[in-house]
Amino acid sequence: MGRVSQAQAEENRRRVVETASRLFREQGTHVSVADLMKAAGLTHGGFYKQFASKEALIDEATAHAFGELAQHHKDGLDQYAGRRDAAQRALIDAYLSTEHRDSAADGCPAAALATDMARDGGESEAHRVYTQGVGDFADWLDTKDQDGITRLCTMLGALVLSRATKGSPLSEEILTTAREALTATD
């Protein structure tokens, strides 16, 4: 079998990072390299041609996930013509929805990766990116009336608890109560 072109190698790498970003958010960073490469539609052997280690991929996939989150915030501001309050309200409504609860793979990396980052020990690039991303998210949520860290903790906690109680009436109640608490001053 011949070598792949540089363009194809870059496309393969992009596909692996995007797939890893989704799988790590959905299943955690313990996903095996073999399962990850299979999900990306590539062979296991090609992994080490692209990445020095699984940890290097975790670093890159975490950065990718938080890059998507930052882009989502920017797109929200653009959609609401720079009106941060309206963009924040729309984000809170979407964040504390059953759709977001039910789609961890495409959801918030702060919620999905929290347990993995807590186990990380704080030494990795992924942990640094995660910490910066959480801080940026809290800053984005800050208002004159509500602290961004408090808002983020409420949102993230509600999402995690709602996912953990999915299938029960409590799951919906958690989302609704948190959404109402965060938008009561709107």
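The values are calculated or read from the model by the stated rules, or taken from the named source; none is laboratory data. In this text the structure is predicted, and so the values were computed from the model without any measurement. Here Cβ is always computed from backbone atoms with ideal geometry, including for glycine, and neighbour counts include all displayed protein chains. Heads up: the accessible areas ignore ligands, DNA and RNA and are worked out on the full protein's heavy atoms, side chains in. Shrake-Rupley method; radii C 1.70, N 1.55, O 1.52, S 1.80 Å.
Select from region 149-172 the residues that are loosely packed, with under 13 Cβ neighbours inside 10 Å and small (G, A, S) and write down the one among them that is farthest from H100 (Cα to Cα). Among those residues, the one meeting the criterion is S168.
A search for C-beta distances below 7 Å between a residue of region 77-102 that is touching a residue at least 40 places away in the same chain (Cβ under 8 Å) and at positive phi and any residue that is open to solvent by 60 Å² or more (accessible area, probe 1.4 Å) and of a type outside the set (K, R), counting only pairs 6+ apart in sequence or on different chains, returns nothing. Residues in region 24-37: is at least one assigned to a helix (DSSP H, G or I), open to solvent by 80 Å² or more (accessible area, probe 1.4 Å) and in contact (Cβ under 8 Å) with a residue 40 or more places away in the chain? Yes, there is a match, as at least one residue in region 24-37 is assigned to a helix (DSSP H, G or I), open to solvent by 80 Å² or more (accessible area, probe 1.4 Å) and in contact (Cβ under 8 Å) with a residue 40 or more places away in the chain. Checked against (1) in contact with a helix residue (DSSP H, G or I) (Cβ under 9 Å, 6 or more places away or on another chain); (2) open to solvent by 20 Å² or more (accessible area, probe 1.4 Å), G107 passes all but condition (2).
Taking region 89-99 as the range and being assigned to a helix (DSSP H, G or I) and under 17 Å from A111 (Cβ atoms) as the test, the residues that pass are L91, I92, D93, A94, Y95, T98, E99. Restricting the first member to region 43-58 and to residues that are under 16 Å from L23 (Cα atoms) and in contact (Cβ under 8 Å) with a residue 40 or more places away in the chain, and the second to residues that are open to solvent by less than 90 Å² (accessible area, probe 1.4 Å) and assigned to a loop (DSSP other than H, G, I, E, B), the beta-carbon pairs closer than 8 Å and six or more apart or on different chains are E55/S124; L57/F51; I58/T29; I58/S124. Among the conditions (1) open to solvent by 80 Å² or more (accessible area, probe 1.4 Å); (2) part of a helix (DSSP H, G or I), K144 misses just one, which is (2). Across region 70-103, which residue is modelled with the lowest pLDDT among those that are open to solvent by 20 Å² or more (accessible area, probe 1.4 Å) and of a type in the set (A, V, I, L, M)? Per the criteria, the residue is L77.
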